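For reference, the structure is listed below as structure tokens.
Only the coordinates and a few stated rules stand behind these numbers; no lab work does. Note that this is a predicted model, so its numbers are computed, not measured. Every residue, glycine as well, gets a Cβ built from its backbone with ideal geometry; the counts of neighbours run over all protein chains shown.
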Amino acid sequence: MLYLAPLCGIVAADDPQRKTKAESQQYLTPSEEKALVIFLLRMAALGFPVRIKFIPSLAFSLARRRSANKVHM
């Protein structure tokens, strides 16, 4: 079978406006996301992989810490 993607989906993927909107809707900053990935990889390497269900709460903790730092600055 041959499946064809709609052309509008392919064109929209290159849309810079869509990329900007997606970046503005990110929950974590790029540096926070990188820190979370490093933490998850280290925990797995040590033999203590973090369960997927706990990752959103870790992300929330990072975001909450960021907003708390803004208040105290």
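With θ taken as phi - 60° and the Karplus curve 6.51 cos²θ - 1.76 cosθ + 1.60 applied, the whole-hertz 3J(HN,Hα) list for the range 20-34 is 4, 5, 5, 5, 6, 9, 5, 6, 10, 6, x, 5, 5, 5, 5 Hz, x standing for glycine and proline.
A full extension of the chain between S61 and V37 corresponds to an added length of 7.2 nm, given 0.36 nm per residue minus the alpha carbon distance.
Suppose R0 equals 35 Å; then what is the FRET efficiency for K53 and T20 from their Cβ-Cβ distance, rounded to the nearest 0.05?
Efficiency, from the Cβ-Cβ distance: 0.65.
Amide H to amide H distances under 5 Å link V50 with A44, where only residues 5 or more positions off or on other chains count and H is placed in the peptide plane.
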